[in-house]
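> Attaching a single structure in C-alpha cells format; questions to follow.
None of the figures in this text is laboratory data; all of them are computed from the coordinates on show. Quick caveat, the model's predicted, so the values are computed rather than measured. A quick note on method: Cβ atoms are made from the backbone with ideal geometry, for glycine too, and the neighbour counts reach across all protein chains shown.
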Amino acid sequence: MILRTLGGKKPRIRALLFVALFFAANTTLFSFWAPNVQAYVPSTGENNQQPVFWMGSNCVYVQPHSQGSDDIEDGSDIEAIQRSAQNWQSATRGCSFMRIIVHGPKNNAVPGFSKSGSNENVVFWHEQKCPEEKTSNEDEPCWEYDLNAAAITTVFYVDDPKSSDDGRILDADIEINGASFSFSTTGNKTKTDVENTVTHEMGHLLGLDHPCGDGARSPLPKDHNGDPIPSCTPRWGLPSGMVDTTMYNFADLGETKKRTPEEDDIQGICDTYPLAEDPGVCVEADLSNGGCDGCSTNHDASQFPSSWAWVGTQLLLAMLFGFFVLPIWKKF
Amino acid sequence: MNLPNQGLKSAPKSRTLPGTSTRAPGKARWRTDTTRYFEPEQRNQVSLKTMPGDGRGFWDRLTDYPATVIIRNVKALLFVTTLLVCVVFNPAHATVMLNLNLYQLVGRSDAIFAGKVIKVVSRWTNDQRRIVTDNTFVVSQGIYGIGNGQTVTVRTLGGTVNGIGMRVSGSPKMRRGDQTILFIEKRGSHRYVVGMQQGVFQIYQDIAGQAKVRRDLHGVTFTKSTKPRTDFTPTLLNDFVTQIHQTISTCNLDKSRCAQL
C-alpha cells in the first residue's frame, strides 16, 4: 500500500513520503547506535592534564546569593538552582555517592577563593558590569569578565604533581552575567533558562568538561577513554546522543533539555564518584582535609563512533534507498 | 526570442524506457556497461520471484533500469539527504556565551595584531581571590591600533600559582612560543582577549609550509540567537589579515554592522 502510494502520480506527495521514509529509517538505525555513545570529558589541570575532582567528601555545598536574578521576582531562580542540584542527584543516585547540597540563600556570599578562610561554592548574579576605572580590590562586585559570556564557572584545585591532593577541587563558583543577559525559569524562548544553565555549570563544578571541541586546540582535549574529542562541527557528524547531553557545548535560548543529565553525563559522575568509593563524610573542602586514596576513576565505557563512520553510514543508507526503493517507485 | 522552456535548468530529455525499444526482439542489450535489460518477451523467462502486476520478480524489475536512471536517482537522493541533514541537524544557538562574528570581533577590539608569546606569568589578583595570567607578546604584524615590534601584555583568566590552579572553561590559554592573531580590548587597566577564546586565532605552518590560522573554541558555550561561528576553517594567514583589513574598512563606514551587545 505504501509503495503504491509512493508510486502515485503526485510527485510532491511522493517526495514527501520518500523523505519521511528515509528519515524514519535513519532514526531507527541511529536509535540502535545512540545508546552505545558513552564518553565524557573530564576537566583537567593546566600543568599535567590530569582530571580534577572533589576528594574526601561525598557532597558539595553550593551557596546561592540571596539577590538572585533581578529578572525574576518570585524567587523561582533560587528554586531553579535547587532543582539543578536535584537533577544531578536524581540521575546519578544509583551509581554515585556525590550529592550537591544547596544551602539557603544568604546575602554575604562572595565568589572567589580564599587561601586562608573557608570557601563557599557560590552562585552569584552580577547585575552590573564593571566601570572602566574599576580596580580589582573594590568591594562592590561587578561583571568583570567578557560581556558576551552569560555564565562562568571558576574552579580552584590543587595543581601540584608532587602532592597527594593533585587534582583536588577546592572551590568552584558559578557567576552569571545578569548585566547583559535576561533570565527566566519558565523556558521562555527569548531568555536564558536558569535551570538549564545552572545544571550545565554544575557539571563543570563537579569536574566535567564539554564533550566536543570547536576548532583546533593543541593539545586536543581527550575524553575519558584517552581519545581526542571530536570536533563540534559538522554537528551532523557528531554521535547523535552527544547533542542531547547536559555538557554539550551549545544550547538554544529557552532550551530546557540540559536540565536533565543524559547517559554520558551520568557516566562521567558515576566514574568519578562511584558508590563503592564513598568516603562516608560530607564536609566542606579546604586544604587541610587531607587526600583521598580511593578516588581514582574507573573507565570502561565504549568509545564514540567516529564522525566519518557516521557520514559513511548516511551515504550507504542513501545508496541503498536509491538502488532499492526508487526503482520500485518508478515502476509501481 | 524567448522559448517557453528557456528558464529551465535543463530541457526535458527524451529517454528510452524498458520495453519501448525498437531493437530486434530476442536480443539482449547492455546499457552503460553495467545494467543489463531485456526485451519484453525475454522477461518472463528470467522471472525468479513473482509479484502482483506482470508476474516478474523484484530483482528482475530492478535490472530493467539503466544505470543512468539509477545514478540520477542517487544524485537526487544525496541532495535530499544533504538537505535533510542540514534542516534536522542545524547547529543550535548557545547558553553561556554570545557568539561574535568577525565584524563584532573587530568592532569590540582596541587592537588587533599577529604576535608571538614571549612570557607567561600567572599571579593572584590584588584581592587575592582569583588567579590571572599575564601573557606578553611581541607584535610581529600590527593590524590595527598597534605597531610592529611593540610588546603588549594580555590578561587571561586562570592559571597556576604555587600549586593552586584556577580553571575557567572558555578562557584562552597561551604558551610561550605560541604565535597567534589576537583581538584585544582594554577593560579597566588591563587588556583582555575579546570574546575569550573567540578572539584567538592560532598561526601554524601546514604541510606545504604555508602560514595558516585556525581557531580553538573548546570550552566556550554559546548563546543568543545568532548561529555560532564554529565553521571557521583553517585559512591562509595573509588572506585572513586581508579579510580583517576589509572588515575594519567596513566597520569604519558602517558602525552599526559592528555593533556590540
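> In whole Hz, what ³J(HN,Hα) sequence does segment B:189-197 give by Karplus (6.51, -1.76, 1.60; θ = phi - 60°), x for Gly and Pro?
9, 10, 9, 10, 6, 6, x, 6, 5
> Taking H as built 1.01 Å from N, whose amide H comes closer than 5 Å to the amide H of A:Thr246, not counting residues under 5 places away?
A:Glu262, A:Asp265
> Considering every residue in A:203-212, what mean count of other chain Cβ atoms within 10 Å of its Cβ is obtained?
Other-chain Cβ atoms within 10 Å of each residue's Cβ, averaged: 2.
> Also: Take the Cβ-Cβ distance between B:Thr250 and B:Ala211 as r, set R0 to 35 Å, and report the resulting FRET efficiency rounded to the nearest 0.05.
About 0.90, to the nearest 0.05.
> Taking beta carbons within 10 Å but only from partner chains, what does the mean come to for residues B:187-194?
Whole-number average of other-chain Cβ neighbours for B:187-194 is 4.
> Can you bin segment A:94-209 into rounded, prolate or oblate? Criterion: square roots of the alpha carbon gyration tensor eigenvalues sorted a ≥ b ≥ c, rounded for a/c under 1.5, prolate for a/b above b/c, oblate for the rest.
Oblate shape, in that a/c is at least 1.5 and b/c is the bigger or equal ratio.
> Working out 0.36 nm times the residue gap between A:Asn48 and A:Ser66, then minus their Cα-Cα distance, what length gain in nm do you get to one decimal?
The span from A:Asn48 to A:Ser66 would gain 2.7 nm if fully extended.
> Further, regarding this structure: For a quick protection proxy, order the peptides A:64-73, A:174-183 by their average other-Cβ count within 10 Å, most packed first.
Packing order, densest peptide first, comes out as A:174-183, A:64-73.
> If we sort B:150-159, B:197-206, A:196-205 on the protection proxy, mean other Cβ atoms within 10 Å, highest first, what's the order?
Descending mean neighbour count gives A:196-205, B:197-206, B:150-159.
> I would also like to ask the following. Ranked from highest to lowest mean number of other Cβ atoms within 10 Å per residue, what is the order of the peptides A:82-92, A:266-276?
Highest to lowest by the protection proxy: A:266-276, A:82-92.
> Turning to a different aspect of this structure: Please average, across the residues of B:123-136, the number of beta carbons from any other chain that are within 10 Å of each residue's own beta carbon, and give a whole number.
What the average comes to for B:123-136 is 4.
> Mind listing the long-range amide H neighbours of A:Leu208? Cut-off is under 5 Å, sequence gap 5 or more, other chains count too, H placed in the peptide plane at 1.01 Å from N.
The answer is A:Ser43.
> Further question on the same structure: Going by amide H atoms built from the backbone, whose H comes under 5 Å of the H on B:Ala111, apart from near neighbours?
The answer is B:Ile184.
> Determine ³J(HN,Hα), in whole Hz, for all residues of segment A:145-152 in sequence, where each value follows from phi through the Karplus function 6.51 cos²θ - 1.76 cosθ + 1.60 and θ = phi - 60°; x replaces Gly and Pro.
Working through the residues one at a time gives 8, 4, 5, 8, 8, 7, 8, 9 Hz.
> For segment B:159-166, what does the Karplus curve 6.51 cos²θ - 1.76 cosθ + 1.60, with θ = phi - 60°, yield as ³J(HN,Hα) per residue in whole Hz, taken in order and with x for Gly and Pro?
So the J values, rounded to whole Hz, are x, 10, 9, 6, x, 10, x, 10.
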